Amino acid sequence: MQPRLDFQKAAPDALRAVMQLETYVQNSGLEPRFIHLIKLRASQINGCAYCVDMHVKESRHDGLSEQWINLMSVWRESGVYDAKERAVLGWVEAVTNLAQTGIPDGEFEAIKAHFSDAEIMNITVAIGTINTWNRLAVGFRTPHPLDQPAAAA
């Protein structure tokens, strides 16, 4: 896969605006596990290899379990996620797939049961922000870094 353009160089002011959103999300007071969950699940839905690779590594670095990370794409079938995480996952899917879902009332009711209005707003801004990053990386074919293979023991 060949990159289409380097979006970081093509429009530096646009990149700065997206980075301001990212800074807001990081400083919004959301628990890190929710930020990881939002970024990883939206990136999976959007087929963004660059972002999935990055957010899996960040989740591991921050101590989230392999099972928590690995089962995210099938979260509805797994008991590893608590009720708050499940509400966020449902909201991520509904908001990310907006054209298909129309964001059902049931998903809003589920997230409203666990989070304040301000938290729901911050969660939704985080979803919008990762969706922007995904669209940049996928749209411009940004390749993810290749790790060195582990040496045979």
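Values quoted throughout were computed directly from the atomic coordinates according to the rules given, and no laboratory measurement underlies them. Since this is a predicted model, take the numbers as computed values, not measurements. Note: ideal-geometry Cβ built from the backbone for every residue, glycine included; neighbour counts use all protein chains shown.
Ranked by how many other Cβ atoms sit within 10 Å of their own Cβ, fewest first, the residues 147, 53 fall in the order 147, 53.
For the stretch 66-77, 3J(HN,Hα) computed residue by residue from phi via the Karplus equation (6.51, -1.76, 1.60; θ = phi - 60°) reads 4, 5, 4, 6, 5, 8, 4, 5, 10, 4, 5, 9 Hz, glycine and proline entered as x. Ranking 65, 137, 88 by how far each Cα lies toward the positive end of the dipole of the stretch 32-139 (charges on Cβ) leaves 137 at the top. For the stretch 69-153, the list of chymotrypsin sites (Phe, Trp or Tyr not before Pro) that fall in a loop by DSSP and count at most 16 other C-beta atoms within 10 angstrom reads 140.
The residues neighbouring residue 81, those whose beta-carbon lies less than 12 Å from its own, together hold a net charge of +2 under the Lys/Arg +1, Asp/Glu -1 convention. Build a GNM of the chain with springs between Cα atoms under 10 Å apart, and of 21, 89, 71 the one that fluctuates most is 71. When the Kirkwood radius is taken over all Cα pairs of the stretch 32-139, what Stokes-Einstein diffusion coefficient follows at 10 °C and 1.306 mPa s, in µm²/s? Rounded to a whole number, D works out at 115 µm²/s. Where in the chain are the DSSP H helices whose C-alpha atoms run 15 Å or more along the long axis and whose mean Kyte hydropathy is at least 0.0? Counting only whole DSSP H runs, the qualifying helices are 32-45, 83-96, 117-139. Per-residue ellipticity at 222 nm from helix content only, as computed over the chain with -39500 (n - 2.57) for each DSSP H run of at least four residues, stands at -20000 deg cm²/dmol. Counting only trypsin sites (Lys or Arg not before Pro) that DSSP places in a loop and that have at most 16 other Cβ atoms within 10 Å, the longest clean stretch of the chain runs over 5-140. About its Cα centre, the stretch 55-134 has a charge dipole of approximately 160 debye under the convention of +1 per Lys or Arg Cβ and -1 per Asp or Glu Cβ, with nothing else charged. Largest GNM mean-square fluctuation across 32, 143, 12, computed for the chain with C-alpha springs under 10 Å, falls on 12.
For the chain, the dipole from Cβ point charges (+1 on Lys and Arg, -1 on Asp and Glu) about the Cα centre works out to 440 debye, to the nearest 20. Charge tally for residue 142 (other residues, Cβ to Cβ under 13 Å; Lys, Arg +1; Asp, Glu -1): +2.
Of all the options 90, 102, 128, the one that moves most in a Gaussian network model of the chain with Cα springs shorter than 10 angstrom is 102.
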